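What follows is a single structure, written as structure tokens, with notes after it.
The values are calculated or read from the model by the stated rules, or taken from the named source; none is laboratory data. This is a predicted model, so every value here is computed, not measured. In this analysis, Cβ positions are derived from the backbone assuming ideal geometry, glycine residues included, and neighbour counts consider all displayed protein chains. Heads up: the accessible areas ignore ligands, DNA and RNA and are worked out on the full protein's heavy atoms, side chains in. Shrake-Rupley method; radii C 1.70, N 1.55, O 1.52, S 1.80 Å.
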Amino acid sequence: MNVLRELPKIDRLLLNERFTGLNHSFLTPIIKKKVEELRGLVLEKKIAKIDTNSLIEEIYKEYEELLSPSLIPLINATGVIIHTNLGRSAISQVLFENIKKLLSGYTNLEYDEKKGCRGERYIHIQKQLKTLLGVEDALVVNNNASAVFLILNTFAYAKESVVSRGELVEIGGSFRVPDVMARSGTKLVEVGTTNKTKLNDYKNAINEESAMLMKVHKSNFSIEGFNEEVEMSELSKLACEHGLIDYYDLGSGYYGNLPYNLSKNEPSLQEILKHNPSLVSFSGDKLLGGVQAGIIVGKKELIKKLKQNQLLRMLRVDKITLALLEETIRAYIKDELHLIPTHFLLNRSMDELTKVAKRLQKKIANSSIIESKTYVGGGTLPNRSIPTIALKIKGNAKILEENFRKNGVIGRIENDSFLLDLRALLPEFENDLIKYSKKVLG
Ligand SMILES: *Cc1c(COP(=O)(O)O)cnc(C)c1O
């Protein structure tokens, strides 16, 4: 057991000159952990000699790693625009610039500067949303999952909510409609079948316990063939006849038009809101292309009740979200859609992408230009591919994928080839892509 005696003492290690200038209270637990690990290895007779220098280097490395930022930039060369793992919708630098000064100081977040008294947090974004969507009122919460939860909890707690069996979906990231409904305190009443639900199915389920008729967008899943679902407008009418609330969890939700024929069978927000549903909620950072948020729009008296629910305090959004969302909505109102990255990328023509590809191909070794297909992503528009252009890199696809990934470029493999898909590449990252490609490919 002589080796154990060679284990360096913690306070001696702390004084090592390699650690000069480092924060001791942050360093000490790392040293303790590393020395303990070493003691374990000695006791298990896995090592016979203590190498203090490499111990010091290991400790130093861990300290550096812990201090380096955890969130790092990545280049999205997967082709998927709303990539959930890569942070869903990107936020434009121009919009960020617009609010930088605002957010680094104090604001009227909850202050009425005209009256000199407390103001309302939700007033800010509300005006813009009402203008854009022509709704009676609007409310923004942390994300769409919170919106669903808040709405069900407010209006259907201990009462029944009727949903089609074909819409009891799992969105990913463990958002399962039936589970969220149960948690909110409502009683789920399933109607219809997996592939077909008719208006009569909802009608037959209504009784004195009913509070809500809910429609859920299928999002990342689609039913082909023999199927039928009830339009939101019909559901709204039925709910109105029985004095119930109709609510559409729209999931994504987009404003205006989608290119590449994507609008087919996928009504826009304007089209859905035309029929005056009681409540609709959707995500701020899916097809809308803003920031993480849940946007609730609909009848004024219902939104007033949502604001009275204590839960809203837990689900409320910060000024950063409000400011970024307001900028996004303003870009829609001013028709400056190029300032919304998701919109910009989705609407890029094949000609433009080809131009980008030609520029990059000259600078990236062993690459050739190919046409391919990709998806919008973010649990929207499944089975609806859009055209794209990619650089195909010669070589072992698996090794290339790993090497690019370790240099911050996430590409994809198709037919055993490694591709840098250009559909989701933001123009301001083109030079970085060249730089990292040179690093990987030499
Ligand atoms: C994405 C989605 C949600 C969850 O929205 P988040 O913004 O991720 O919280 C809820 N419902 C549907 C139908 C969705 O598509």
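Annotations for the structure displayed:
- Residues that are hydrophobic (A, V, I, L, M, F, W, C), part of a strand (DSSP E or B) and surrounded by fewer than 23 Cβ atoms within 10 Å (Cβ to Cβ), drawn from the stretch 394-422: Ile410, Ile413
- Residue that is farthest from the ligand (Cβ to nearest atom) [pool: residues in the stretch 169-186 that are among the β-branched types (Val, Ile, Thr) and closer than 17 Å to Tyr247 by Cα]: Thr186
- For Glu229, the stated conditions hold: it is modelled with pLDDT under 95, within 16 Å of the ligand (Cβ to nearest atom) and more than 23 Å from the chain's Cα centre (by Cα).
- Cβ-Cβ under 6 Å pairs, at least 6 apart or on other chains, the stretch 138-167 side outside any loop (DSSP other than H, G, I, E, B), far side among the acidic types (Asp, Glu): Val148/Asp249; Glu160/Glu209; Arg165/Glu190
- Residue among Ile206, Ile151, Ile125 that is within 12 Å of the ligand (Cβ to nearest atom), among the hydrophobic types (A, V, I, L, M, F, W, C) and surrounded by 16 or more Cβ atoms within 10 Å (Cβ to Cβ): Ile151
- With a requirement of 3 or more residues that are within 15 Å of the ligand (Cβ to nearest atom) and open to solvent by less than 60 Å² (accessible area, probe 1.4 Å), the helices (runs of 4 or more DSSP H) lying completely within the stretch 265-350 that satisfy it span 319-333.
- Note on the stretch 351-381: residues that are in a helix (DSSP H, G or I) and polar (S, T, N, Q) total 2.
Let's see how each residue does on (1) in a helix (DSSP H, G or I); (2) at pLDDT 95 or above; (3) within 16 Å of the ligand (Cβ to nearest atom); (4) open to solvent by less than 50 Å² (accessible area, probe 1.4 Å):
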residue	(1), (2), (3), (4)
Leu188	no, yes, yes, no
Thr194	no, no, no, no
Ala211	no, yes, no, yes
Phe221	no, no, yes, no
Ala239	yes, yes, no, yes
Tyr247	no, yes, yes, yes
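- First in the stretch 235-257 and under 14 Å from Thr380 (Cα atoms) and assigned by TED's automatic domain parsing to the domain that holds Ser210, second anywhere and assigned to a strand (DSSP E or B) and of a type in the set (Ser, Thr, Tyr), Cβ under 6 Å, 6 or more apart: Asp249/Ser281; Ser252/Thr380
- Within the set Glu97, Glu113, the sole residue that is more than 16 Å from the ligand (Cβ to nearest atom) and under 30 Å from Thr374 (Cβ atoms) turns out to be Glu97.
- Flag for Lys32 being modelled with pLDDT of 95 or more and basic (Lys, Arg): yes
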